[in-house]
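Shown next, in structure tokens, is the structure this report addresses.
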Amino acid sequence: VRYLVCADPPGPRIGNGGSTLHALRCLEEQYGDQWTSFTVLLIHSGGCSQRLPNASALGKIFTALPLGEPVCQMLELKLAMYLDFPRHMKPGVLITCSDDIELYSTGATETITFDKPGFTALAHPSDLAVGTTHGVFVLDPSSFSGKGGLEYGSCYRFLHKPDVETMWQSGAVCVRGDGPQLSSPGDRGDSGTASECVYTDSVFYIDHSTAQQLLLFYKQLGTLCCEIDAYGDFLQALGPGATPDYTKNTSNVSKEDSGLVAVRQQLYSLLQGTALNVIVLNNSQFYHIGTTQEYLFHFTAESKLRFELDLQSVAFSIFPDTAKTLDQLSIIQSVLEPGCVIGPGSVIEYSRIGPEVSVGKGSIVSGSYINFNVDIPSNCFLSSVSVKITDRVEYVTMVFGVDDNLKQSVKLLSDIHSLQFFGASLPECLDLWSLEASDQLFSNEDTRLGLWTARIFPVCSTLSESVRMSLNMLNSVQHKSLFKLSGFQLLSVKEMLTYKDVEDMLKFRKQIYDEICLQRQKGKS
């Protein structure tokens, strides 16, 4: 096995589609003609991760799971899940994200084979609500029976995040009555029954010659200046029912880009007529853990995923016997001292929690050291980052409500009242922190004003001090009491990631790891 890590080229963001094209180029540069015989697993390790910011600094692919000794990360789980694919795969590239998990069961004689020209995608039965936030396949009824655990079919058309009406009108809905059958386009059964599903996307494969075509396209393009989506912009061009309408629809795009529509149209011309083969896994489930809500649900609640992977409440941690082990917890590679209290539905990862700490319900604490007396409220998101602005390592801790929207932004200072921080409007918070709302308050190269770019988090010389200061900020908002931030150097989350010191963050994790190993050995002797 060879491992290759390639970062996006500097300049504007290019989306996971642009990253895919760039990675193909890196493969060719690194291995020359050799790569024509490679079977490649291409994993997008996660962008800014604004919906799950504890993964922002080190990348979603390194998200720790409450599983194993030492703990397993998403990367290991991906490698384990796809272990059987390469031996049934012709040269080509299998593309996957880093925050989704596909679990499936097939018959003893059924194998998943990636050997057809063009694109081949896995498809999972999902309810219609799930379909609205994913890609949905309109299957060709003549190639699909809906029986058995695994079925090879072809896709007439691919819908990207369609509304329920569109799913019905396109004939994407499968009605599982006496035997599953696809609804005819436009006909609508008794909506809302459990027997209706659509087939949604996850992992997809492109054979080598298609990958080669895409690479050639990328080289001819020169520089890519817009965000391309590997799912929406590649797959919507495929299948006999594809139309170019989607190329002009930019409602799902995070930034209105220069030339996006033109690039989409070029991709459409390039890929139009290419086959989209579908491997329907009738007995499968797709899980997404890329948002704070999903992360908390799958790790702490009675979720099917938790049951199927046998996720643990306490994984590779020092957890006091005196603490009541509630089942609805997730403690991952952390040291908790006797006396601390962790509320149900909370996740603690890579942290040290002192004896006088209580954490409320449904909170996330990541990479923190808390050695003072404090009550962390419920639904609180707390994550510490080591930064190097000059030569020395310093610390910043971001704190939010778990439901705060870090993607939301406004263009004008006069509109920042619509930004919410832990249930209060941002201007209200700024008053309590004695900060002035001005353009200087936001990371400068950005025209968008939001929680992601607001410079509100104090830089401190120690990890525990930075946690203390950020919790003071939160406390002041909760109790409407003053807490002056005006004397501190302040960073936005965006800037934390620019200045992050990954080595120091890993050193802190290693200290915790060593301490746990030492304690295990003592326990054995």
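The values are calculated or read from the model by the stated rules, or taken from the named source; none is laboratory data. These numbers come from a predicted model, not from an experiment. Cβ placement follows ideal geometry from the backbone for every residue including glycine, while neighbour counts extend to all protein chains displayed. Side chains are part of the model used for accessible areas, which takes the heavy atoms of the whole protein and leaves out ligands, DNA and RNA. Shrake-Rupley method; radii C 1.70, N 1.55, O 1.52, S 1.80 Å.
With a 1.4 Å probe and all protein chains left in place, how much accessible area per residue does segment 375-525 have, in Å²?
Numbers: 7440 Å² over 151 residues.
Counting only protein heavy atoms, the per-residue value for segment 375-525 is 49 Å².
Looking only at segment 315-518, where both bridge partners belong to it, what percent of the DSSP beta bridges are antiparallel (to the nearest 5)?
Values: 18 of 39 bridges.
Percent antiparallel among DSSP bridges in segment 315-518 is about 45.
Show which aspartates and glutamates lie in cross-link reach of LYS388 when reach means a straight Cα distance below 14 angstrom and same-chain residues fewer than eight apart are skipped.
GLU495, ASP501, GLU503, ASP504
Could you grab the relative contact order for segment 315-518? Cα pairs under 8 Å, six or more apart, rounded to a whole percent. Don't skip to the answer; put the middle values down first.
Numbers: 458 pairs, mean separation 36.3, N = 204.
Answer for segment 315-518 is 18 percent.
Return the FRET efficiency for the residue pair CYS225, HIS88: r is the Cβ-Cβ distance, R0 is 45 Å, and the value is rounded to the nearest 0.05.
Values: r = 38 Å, r/R0 = 0.85.
Step by step, r from the Cβ atoms, then E = 0.70.
Please work out how much length the chain gains when fully extended from SER143 to ARG392, using 0.36 nm per residue of separation minus the C-alpha to C-alpha distance, in nm with one decimal. Write down the numbers at each step before the final one.
Values: separation 249, 0.36 × 249 = 89.64 nm, distance 6.22 nm.
Separation in residues times 0.36 nm, less the Cα-Cα distance, equals 83.4 nm.
So which GluC sites (Glu not before Pro) in segment 220-302 pass both tests, a DSSP loop state and at most 15 other Cβ atoms within 10 Å of the Cβ? All intermediate terms of the calculation are to be shown ahead of the outcome.
Numbers: sites: GLU227, GLU256, GLU294, GLU302; in loops: GLU227, GLU256, GLU302.
When the GluC sites (Glu not before Pro) of segment 220-302 are filtered for loop state and at most 15 Cβ neighbours within 10 Å, GLU256, GLU302 remain.
Can you compute the helix-only [θ] at 222 nm over the chain? Use -39500 (n - 2.57) per DSSP H run of at least 4 residues, normalise by all residues, nearest 500 deg cm²/dmol.
On the way: 13 runs with 135 residues, N = 525.
Helix contribution divided over all residues of the chain: -7500 deg cm²/dmol.
Count the DSSP beta bridges whose two residues both fall in segment 355-413, then state the antiparallel fraction as a percent rounded to the nearest 5.
Details: 9 of 15 bridges.
Within segment 355-413, antiparallel bridges account for around 60 percent of the total.
Round to a whole angstrom and tell me the spacing of the C-alpha centers of segment 71-95 and segment 287-362.
Result: 28 Å between the Cα centres.
Restricting attention to segment 350-449, which GluC sites (Glu not before Pro) occupy a DSSP loop and are surrounded by at most 12 other Cβ atoms within 10 Å?
For GluC sites (Glu not before Pro) across segment 350-449 that sit outside H, G, I, E and B with at most 12 neighbouring Cβ atoms in 10 Å, the list reads GLU436, GLU445.
Pull up the DSSP beta bridges for the chain and report the antiparallel fraction as a percent, rounded to 5. Don't jump to the answer; show the numbers that get you there.
Working: 52 of 85 bridges.
Antiparallel bridges: around 60 percent, rounded to the nearest 5.
Quantify, in whole percent, the carbon and sulfur part of the accessible surface of segment 315-518 (1.4 Å probe; protein heavy atoms only). Could the numbers behind the result be given before it?
Working: 4270 of 8730 Å².
C and S atoms contribute 49 percent here.
Would you work out the relative contact order for the chain, in percent, from Cα pairs under 8 angstrom that are 6 or more residues apart?
Relative contact order, the chain: 13 percent.
So which of LYS78/LYS304; LYS60/LYS510; LYS219/LYS500; LYS304/LYS361; LYS161/LYS219 end up more than 26 Å apart, counting from Cα to Cα? Could you put the intermediate results ahead of the total?
Numbers: LYS78/LYS304 18 Å; LYS60/LYS510 19 Å; LYS219/LYS500 32 Å; LYS304/LYS361 21 Å; LYS161/LYS219 29 Å.
The pairs that break the limit, which is 26 Å between Cα atoms, are LYS219/LYS500; LYS161/LYS219.
Any chance you could check the Cα centroid distance between segment 193-250 and segment 459-503 for me, in angstrom?
One Cα centre to the other: 41 Å.
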